[in-house]
Amino acid sequence: MALIDWTPLDSTYRLDGGTVMLRPPKASDYAEWAAVRAASRDFLQPWEPVWNRDDLTRSAYRRRLDAWRRDLEQGQTYPFFVFSRQSGALTGGVTLSGVRRGVAQTATVGYWSGVHTARQGHTLAAVKAVSRFAFTTLALSRLEAACLPSNQASAALLLKAGFVEEGFARAYLKINGDWRDHRLFGLLSRERARDCPDS
């Protein structure tokens with residue numbers, strides 16, 4: 001079955017992050033995505049769930065696209081790939097997931113970076129762009145994020161993006177095969193509006 005080169009038609013899903021551009025994943029991104037993920041496996045695995053044996057195959061990528069499409073249609077998940085504005089290369093991804101409406105109006109931010117473009121500011125710019133999208137286009141009130149206590153780089157990124165450390169959760173997520181504790185962070189729309197009035 002051929003992959004449909006899917007991306008939402010609405011232009012609001014293409015985000016300007018200054019040094020980066022964000023847009024939903026497409027079928028035609030597969031080769032670059034697989035190459036970046038493969039090269040970054042040792043770099044990423046300590047911070048992610050265990051990869052399936054077929055994780056980087058085209059069929060697994062198609063399943064990802066299908067899941068993202070279903071969740072996006074229901075307004076539950078907004079996936080983005082991050083591209084360098086200068087080179088056009090894929091640098092990583094940011095996802096808004098677990099969108100909760102009603103009295104919550106909140107979502108969770110997750111992100112990853114390729115090893116060759118890590119710590120160059122791309123993911124920070126992308127998280128800021130997705131936060132702006134969440135609070136303006138989606139009219140959410142709150143964003144949440146979490147990282148392992150040992151992941152100092154991720155904690156520093158969230159703090160630079162305006163998140164506030166709010167607590168600690170035991171056995172919060174199953175990471176690299178084990179249930180791991182996490183530091184918890186939050187960002188409110190009114191805080192972002194106060195700190196970034198022109199963005």
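The values are calculated or read from the model by the stated rules, or taken from the named source; none is laboratory data. Nothing here was measured: the structure is a model prediction, and the numbers come from that model. Glycine gets a Cβ as well: all are built from the backbone with ideal geometry, and neighbour counts include every protein chain shown.
Brief remarks follow.
- Restricting region 64-105 to residues that are in a loop (DSSP other than H, G, I, E, B) and in contact (Cβ under 8 Å) with a residue 40 or more places away in the chain, the residue that is surrounded by the fewest Cβ atoms within 10 Å (Cβ to Cβ): Gln86
- Restricting attention to region 154-183, the residues that are in contact (Cβ under 8 Å) with a residue 40 or more places away in the chain, among the small types (Gly, Ala, Ser) and closer than 19 Å to Ser113 by Cβ add up to 1.
- Odd one out for Leu3, checked against (1) surrounded by fewer than 18 Cβ atoms within 10 Å (Cβ to Cβ); (2) at pLDDT 95 or above; (3) not in a strand (DSSP E or B): (2)
- When each of Leu187, Leu157, Leu173 is tested for being in a strand (DSSP E or B), farther than 22 Å from Val103 by Cα and not β-branched (Val, Ile, Thr), the lone residue that passes is Leu173.
- Candidates Val130, Val109, filtered to the one that is assigned to a strand (DSSP E or B), of a type outside the set (Lys, Arg) and within 22 Å of Asp71 (Cα to Cα): Val109
- Cβ-Cβ under 8 Å pairs, at least 6 apart or on other chains, region 46-63 side under 16 Å from Ala35 (Cα atoms) and assigned to a helix (DSSP H, G or I), far side at pLDDT below 95 and of a type in the set (S, T, N, Q): Ala60/Asn52
- If the condition is being in contact with a Lys or Arg (Cβ under 8 Å, 6 or more places away or on another chain) and either farther than 10 Å from Val82 by Cβ or in a helix (DSSP H, G or I) (or both), then region 20-33 contributes Pro25, Ala27, Tyr30.
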